[in-house]
Amino acid sequence: MFFNISEDMKIVRELLNITQEELADELNVEPLTIKRIENGITNTSKRTLDLFYDFIYKKKIYLNKIKEMFYLEELINEKLLFHGAKNIIDGEIDIDRSRKNNDFGQGFYCGESYEQSASFVENFENSSVYYFSLDVTGLRSLKYAVDRDWMLTIAYFRGTLNEYKDSIVIKNLISRLEGVDYVVAPIADNKMFRIIDSFINGEITDEQCKHCLAATNLGFQYVLLNDNAISRLKMLECCYLSNEERNHYRKIKLEDNKISDDKVKLARIQYRGKGLYIDEILK
């Protein structure tokens, strides 16, 4: 599935009440190029994609967000999910091609909002966001909160709990995932991994770690763990991330990082001495 620029152009021209010739002037391309794109008889170059989607973003037409709203209205019995991709997804989704040291091991990872997924790939030039619907009927799921079980499970799959891999606590946590089709859990980014590492290394308690992680709220992710879950996933659309939009999310991320950094520092202080250290939990 490629970008739906043909329909997007028609929608934008109608919103702005402009002709193909006027849009061509705005983008500094030939009118024939616009006509061929709208008729679906040409492959659109990356330059034209950037020109068009930068243009509409500057016009404050947030098309990708609008599409999210429409899909949310249309999907009654299915869950709308998003996948931020560094490159185009080529072929079928194959869990076996994913990394084993992700949060919950191998799986297909999706976010629950467009902005959430776009912000995770804003730093990659060829990034895009895929929209999916997921029919969860009959699927087995497991939901996590920002707590000790979630922290330890992520640490296990990330390979930082080798010293405690034979602990009965860890074995019980991992056994909970047996037979589960998909997981719903808080998202953990690199900053959160560093906080979890501080807990694993005995530098902070589980209470300090939990509240530091809660300060860095990135929303929830859906992790599809097997082919049964993948078979219920339907690709709806692939949306292009223009330079203007990626810059927008980059600025938001910088602002959010400053706020969360301050929250993490305060959480370390406020919960100092409360809770248990890693060796007290897994001894």
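The values are calculated or read from the model by the stated rules, or taken from the named source; none is laboratory data. From a predicted model like this one, the values you see are computed outputs, not experimental measurements. Note that each Cβ is placed from the backbone with ideal geometry, even for glycine, and that neighbours are counted across all protein chains shown.
Odds and ends about this structure:
- Single match in His211, His248 (criterion: part of a helix (DSSP H, G or I) and closer than 21 Å to Phe52 by Cα): His248
- Counting the residues of region 27-54 that are surrounded by 17 or more Cβ atoms within 10 Å (Cβ to Cβ) and farther than 29 Å from Met235 by Cα gives 2.
- Count of region 91-141 residues which are part of a loop (DSSP other than H, G, I, E, B) and either under 17 Å from Phe220 (Cβ atoms) or touching a Cys at 6+ places or on another chain (Cβ under 8 Å) (or both): 7
- Against the test of being free of Cβ contacts under 8 Å to residues at least 60 places away in the same chain, of a type outside the set (Phe, Trp, Tyr) and over 22 Å from Leu81 (Cβ atoms), the options Asn172, Asn243, Asn217 yield a single qualifying residue, Asn172.
- When Glu203, Glu237 are checked against the criterion of being of a type in the set (Asp, Glu) and in contact (Cβ under 8 Å) with a residue 24 or more places away in the chain, Glu237 stands alone in meeting it.
Conditions (1) on the phi < 0 side of the Ramachandran plot; (2) touching a strand residue (DSSP E or B) at 6+ places or on another chain (Cβ under 9 Å); (3) hydrophobic (A, V, I, L, M, F, W, C), marked per residue:
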{"site": "Cys110", "(1), (2), (3)": "yes, yes, yes"}
{"site": "Ser113", "(1), (2), (3)": "yes, yes, no"}
{"site": "Asn123", "(1), (2), (3)": "yes, no, no"}
{"site": "Ser127", "(1), (2), (3)": "yes, yes, no"}
{"site": "Tyr130", "(1), (2), (3)": "yes, yes, no"}
{"site": "Val136", "(1), (2), (3)": "yes, yes, yes"}
{"site": "Arg148", "(1), (2), (3)": "yes, no, no"}
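So that you can scan it fast, the table gives a plain yes or no per residue for (1) modelled with pLDDT of 95 or more; (2) outside any helix (DSSP H, G or I); (3) farther than 17 Å from Val129 by Cα; (4) touching a His at 6+ places or on another chain (Cβ under 6 Å):
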| residue | (1), (2), (3), (4) |
| --- | --- |
| Phe3 | no, yes, no, no |
| Met9 | yes, no, yes, no |
| Arg13 | yes, no, yes, no |
| Glu21 | yes, no, yes, no |
| Asn43 | no, yes, yes, no |
| Leu49 | no, no, no, no |
| Asn77 | no, yes, yes, no |
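- Condition met for Ser113 (of a type in the set (Gly, Ala, Ser) and without any contact (Cβ under 8 Å) to a residue 60 or more places away in the chain): no
- Scanning region 178-209 for residues that are in contact with a Leu (Cβ under 7 Å, 6 or more places away or on another chain) and surrounded by fewer than 16 Cβ atoms within 10 Å (Cβ to Cβ) yields one hit, Asp189.
- If you go through region 79-90 and keep only what is among the hydrophobic types (A, V, I, L, M, F, W, C) and either touching a His at 6+ places or on another chain (Cβ under 6 Å) or in a loop (DSSP other than H, G, I, E, B) (or both), you end up with Ile88, Ile89.
- Failed item, numbered, when Thr160 is tested on (1) part of a loop (DSSP other than H, G, I, E, B); (2) without any contact (Cβ under 8 Å) to a residue 40 or more places away in the chain; (3) on the phi < 0 side of the Ramachandran plot: (2)
- Number of the exception - Leu254 against (1) under 30 Å from Asp181 (Cβ atoms); (2) in a helix (DSSP H, G or I); (3) modelled with pLDDT under 85: (1)
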